[in-house]
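**Q** What follows is a single structure, and I will ask about it in a moment.
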Amino acid sequence: MEWQSPISPGLSWYEATVPDRPSYPAMPGSQRADVAIIGGGYTGLQAAFNLAKGGADVTLIDACRLGDGASGRNGGQFGTGQRAWADEAEEVLGHERAQLLFDMAENAKRYVLDFAGAHGIDIEFMPGQLSVGHKRSFETDYRRHVEAMAERFGYPHLSFMNREETAHRLGSRHYHFGIRDTGTGHIHPMKLLVGLARQAAFAGAKLYEQTKALKVEKKGGAVVIETNRGTITADRALIACNAYIGDLEPVTASHVMPIRSFIGATPVLTNHPEILPGGESVDDSRFVVRYFRKSKDGRLLFGGREAYTADNPRDISSHIRRQIREIYPALADIDITHAWGGSVGITMPRQPFCREVMPGVTSIGGYSGHGVMLSNYCGKLYADLALGRATELDLLTDLKIPAFPGGTRFRSALLFLALSWYALRDRL
Ligand SMILES: Cc1cc2nc3c(=O)[nH]c(=O)nc-3n(C[C@H](O)[C@H](O)[C@H](O)COP(=O)(O)OP(=O)(O)OC[C@H]3O[C@@H](n4cnc5c(N)ncnc54)[C@H](O)[C@@H]3O)c2cc1C
């Protein structure tokens, strides 16, 4: 039966291609746990899996179904490094910290591939990524980035593509130049989510759906989470709600803002071997980034069009088709078989947010569109922390992530204005 996520619009092609997405029960009543986790996306489930494997008693709740947030619905692109380029971060943080953050993201990439391989989860990994420039004026920055990554960050997998190579690898002359990254790739996000949830349950984590956290507080040395299905009392807790935090916890809500992003899937492109012949995924240089790739069976999965309010547009398909047409005129009338969206959690500096928001309660999110590999790894790192093991999570805790300006009343309106301005600049 088709399932419509109550918190993310549209029916995804991912869902349609994972016929065996399991359901988990609602929490049967109040619980006691070593660690409580709120949010069943990659962050929460990886934490649950690793904690349970490490011998902890873990209870994870999700207000909807596991994967109804971003983790089951995203573009599936790993990318490389953090969202902000390492050479940009270097200017602010210095080389050593920028390198450590870059290395952390490389560890994240390896972690996800190793995790899927070790547990026999077919995540449909396909190698290769093209980052393409829509304005000639960005060319020098792109060339410098390739050099910096090889010479200063020890990443030799990037090469600069001139206009001809870019056109050949894309099957489109829409872009001026690009960077080819042979050290990364893309996956089927829902297959990873479903496999991960199964492994977490198998390791002994208690997973509950349709169980919404209403309040988190510290009471007499314990963390107490009030839900619509009873109370969880735990030694510590992880808030892994990312862009869907709502008004559950104000510190996270003021640092991680939701942006809606939308994806459309076409039928299999049987007559267009010229489109992405190498099977890479693509992201472009627009502020409202367009990201696309072919699925393993040859559909175009095209993401773009952002919205800065939580309203659900009535028609996602025609916007996506218009953007496809600009890049691939031959697909002007292509069918969009599935169209959906979800909320991406962004922070002001586009670096992840990780903070102890009250004693014993850590919140992690705000991967800023780079969370496929990072959220999985951060969930694992949180488990390491809770189990008393060495962890790279301090690298994120040390980052200065300012709150969005405007307070709870005005920050959405201010963000809307700021982002709309940047979106307008994409067209100038
Ligand atoms: C359309 C789209 C495309 C994207 N494309 C890419 C991409 O190509 N590459 C990339 O790296 N990243 C991409 N991202 C981002 C990436 O998907 C996320 O960074 C990542 O999935 C975040 O995982 P998470 O577990 O932190 O959060 P989520 O997966 O969003 O999970 C949060 C969960 O918290 C639950 N929750 C919220 N409030 C409560 C509550 N009160 N009680 C209980 N549960 C609650 C929600 O139901 C939800 O399931 C994309 C995101 C979207 C939406």
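The values are calculated or read from the model by the stated rules, or taken from the named source; none is laboratory data. Computed from a prediction, not measured in an experiment: that's the story for all the values here. A quick note on method: Cβ atoms are made from the backbone with ideal geometry, for glycine too, and the neighbour counts reach across all protein chains shown. Side chains are part of the model used for accessible areas, which takes the heavy atoms of the whole protein and leaves out ligands, DNA and RNA. Shrake-Rupley method; radii C 1.70, N 1.55, O 1.52, S 1.80 Å.
**Q** From the list Arg260, Arg236, which one is away from the ligand (no atom under 14 Å from the Cβ), under 25 Å from the mean Cα position of the chain (by Cα) and not aromatic (Phe, Trp, Tyr)?
**A** Arg236
**Q** Also, I was wondering about something else. Can Tyr14 be described as open to solvent by 10 Å² or more (accessible area, probe 1.4 Å), assigned to a helix (DSSP H, G or I) and within 14 Å of the ligand (Cβ to nearest atom)? Walk me through how you get there before you give the answer.
**A** Details: open to solvent by 10 Å² or more (accessible area, probe 1.4 Å): no; assigned to a helix (DSSP H, G or I): yes; within 14 Å of the ligand (Cβ to nearest atom): yes.
Answer is no for this residue.
**Q** Still on this structure: Out of Val282, Val288, report the one residue that is within 17 Å of the chain's Cα centre (by Cα), part of a loop (DSSP other than H, G, I, E, B) and aliphatic (A, V, I, L, M).
**A** Selected residue: Val288, the only one of Val282, Val288 that is within 17 Å of the chain's Cα centre (by Cα), part of a loop (DSSP other than H, G, I, E, B) and aliphatic (A, V, I, L, M).
**Q** Any residue at all in region 84-102 that is surrounded by fewer than 21 Cβ atoms within 10 Å (Cβ to Cβ), under 14 Å from Gly371 (Cα atoms) and touching a residue at least 24 places away in the same chain (Cβ under 8 Å)?
**A** Yes, region 84-102 contains at least one residue that is surrounded by fewer than 21 Cβ atoms within 10 Å (Cβ to Cβ), under 14 Å from Gly371 (Cα atoms) and touching a residue at least 24 places away in the same chain (Cβ under 8 Å).
**Q** In addition: For region 130-206, which helices (runs of 4 or more DSSP H) that fit wholly inside it have 1 or more residues that are open to solvent by 20 Å² or more (accessible area, probe 1.4 Å) and within 16 Å of the ligand (Cβ to nearest atom)?
**A** Ranges flagged: 189-203.
**Q** Does Tyr367 satisfy the condition of being part of a loop (DSSP other than H, G, I, E, B), surrounded by 13 or more Cβ atoms within 10 Å (Cβ to Cβ) and at pLDDT 95 or above?
**A** For Tyr367, the condition - part of a loop (DSSP other than H, G, I, E, B), surrounded by 13 or more Cβ atoms within 10 Å (Cβ to Cβ) and at pLDDT 95 or above - is met.
**Q** Something else now. Quick one: would you say Arg325 is surrounded by fewer than 18 Cβ atoms within 10 Å (Cβ to Cβ), modelled with pLDDT of 95 or more and basic (Lys, Arg)?
**A** It is true that Arg325 is surrounded by fewer than 18 Cβ atoms within 10 Å (Cβ to Cβ), modelled with pLDDT of 95 or more and basic (Lys, Arg).
**Q** Would you mention how many residues in region 294-309 are in a strand (DSSP E or B), modelled with pLDDT of 95 or more and open to solvent by less than 10 Å² (accessible area, probe 1.4 Å)? Talk me through it step by step, then tell me what you get.
**A** Keep residues of region 294-309 that are in a strand (DSSP E or B), which gives 294, 299-307.
Subsequent filtering for residues that are modelled with pLDDT of 95 or more retains 294, 299-303.
Subset that is open to solvent by less than 10 Å² (accessible area, probe 1.4 Å): 300-303.
So the count comes out to 4.
**Q** Against the definition (at pLDDT 95 or above, open to solvent by less than 20 Å² (accessible area, probe 1.4 Å) and within 10 Å of the ligand (Cβ to nearest atom)), how does Ile225 come out, yes or no? Steps first, please.
**A** On the way: at pLDDT 95 or above: yes; open to solvent by less than 20 Å² (accessible area, probe 1.4 Å): yes; within 10 Å of the ligand (Cβ to nearest atom): yes.
Against the criterion (at pLDDT 95 or above, open to solvent by less than 20 Å² (accessible area, probe 1.4 Å) and within 10 Å of the ligand (Cβ to nearest atom)), Ile225 qualifies.
**Q** For Gly75, state whether it is surrounded by 18 or more Cβ atoms within 10 Å (Cβ to Cβ) and either at pLDDT below 95 or within 13 Å of the ligand (Cβ to nearest atom) (or both).
**A** yes
**Q** On the basis of being small (Gly, Ala, Ser), assigned to a loop (DSSP other than H, G, I, E, B) and near the ligand (Cβ under 7 Å from one of its atoms), does Ala56 make the cut? Before you say what the answer is, go through the steps one by one.
**A** Details: small (Gly, Ala, Ser): yes; assigned to a loop (DSSP other than H, G, I, E, B): yes; near the ligand (Cβ under 7 Å from one of its atoms): no.
Judged against the criteria, Ala56 is not a match.
**Q** Let me ask another. With respect to Ala108, is the statement that it is part of a helix (DSSP H, G or I) and in contact (Cβ under 8 Å) with a residue 24 or more places away in the chain true? Steps first, answer last, please.
**A** Values: part of a helix (DSSP H, G or I): yes; in contact (Cβ under 8 Å) with a residue 24 or more places away in the chain: yes.
Taking the combined requirement at face value, the residue satisfies it.
**Q** To continue, here is another question. Output the number of the condition that Leu387 fails; it satisfies all remaining conditions of (1) under 29 Å from His134 (Cα atoms); (2) in contact (Cβ under 8 Å) with a residue 12 or more places away in the chain; (3) surrounded by fewer than 19 Cβ atoms within 10 Å (Cβ to Cβ).
**A** Condition (1) is where Leu387 drops out.
**Q** Checking Asn312 against (1) in a loop (DSSP other than H, G, I, E, B); (2) exposed (fewer than 15 other Cβ atoms within 10 Å of the Cβ); (3) more than 15 Å from the ligand (Cβ to nearest atom), which test does it fail?
**A** (3)
**Q** Taking into account only those residues within region 59-72 that are more than 6 Å from the ligand (Cβ to nearest atom) and part of a loop (DSSP other than H, G, I, E, B), which is most open to solvent (accessible area, probe 1.4 Å)? Step through it out loud before you land on a result.
**A** The initial filter retains those residues of region 59-72 that are more than 6 Å from the ligand (Cβ to nearest atom), namely 59-60, 65-67, 72.
If we keep only those that are part of a loop (DSSP other than H, G, I, E, B) too, we end up with 65-67.
Values: Arg65: 28, Leu66: 5, Gly67: 4 Å².
So the residue we want is Arg65.
**Q** Sticking with this structure for a sec: Would you mention how many residues in region 40-51 are more than 6 Å from the ligand (Cβ to nearest atom) and either open to solvent by 10 Å² or more (accessible area, probe 1.4 Å) or among the basic types (Lys, Arg) (or both)?
**A** Kept after step one, since they are more than 6 Å from the ligand (Cβ to nearest atom), are these residues of region 40-51: 45-51.
Right, trim to either open to solvent by 10 Å² or more (accessible area, probe 1.4 Å) or among the basic types (Lys, Arg) (or both) and you get 50.
Going through region 40-51 one residue at a time, the tally reaches 1.
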